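Written below as structure tokens is the structure these notes are about.
The values are calculated or read from the model by the stated rules, or taken from the named source; none is laboratory data. The structure displayed is predicted, hence computed values, not measured ones. Positions of Cβ are generated from backbone atoms using ideal geometry, with glycine treated the same way; all protein chains shown enter the neighbour counts. Surface accessibility is based on the protein's heavy atoms, side chains included, excluding ligands, DNA and RNA. Shrake-Rupley method; radii C 1.70, N 1.55, O 1.52, S 1.80 Å.
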Amino acid sequence: MAKHPYNRTVFQSLALISQFAITMVVPIGLMFAAGYWLDQRLGTSFFAVVFFFIGALAGFGNVYRLARRIYMEKNRDDQL
């Protein structure tokens, strides 16, 4: 079976997409769980929604920083 030169690029792209997804989903899930727990403790019904949006903002910030770092590394490697 012949090896294709694009296999490495495909796997790197899939790994990057997975990393973006995990970086986005984890803060949302953790913050929503914390808000849900707080709602159960206090008898309220709005903390889960508020914490969900805080988690989404944190996730977007993490993805932005990750993408920016990858872009900067790629530019640095291209200049060498």
Are there any pairs with C-beta distances below 8 angstrom linking a residue in segment 6-29 that is within 11 Å of N62 (Cα to Cα) to a residue that is part of a helix (DSSP H, G or I) and open to solvent by 90 Å² or more (accessible area, probe 1.4 Å), with the two at least 6 apart or on different chains, and if so which?
M24/F60
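Can you give me the number of residues within segment 55-69 that are open to solvent by 80 Å² or more (accessible area, probe 1.4 Å) and over 8 Å from the mean Cα position of the chain (by Cα)?
Residues flagged as open to solvent by 80 Å² or more (accessible area, probe 1.4 Å) and over 8 Å from the mean Cα position of the chain (by Cα) within segment 55-69 amount to 5.
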Restricted to segment 39-72, and to residues that are without any contact (Cβ under 8 Å) to a residue 12 or more places away in the chain and of a type in the set (A, V, I, L, M, F, W, C), which residue is farthest from P27 (Cα to Cα)?
M72
Among G35, G29, which is crowded, with 16+ Cβ neighbours inside 10 Å, part of a helix (DSSP H, G or I) and at pLDDT 95 or above?
G35
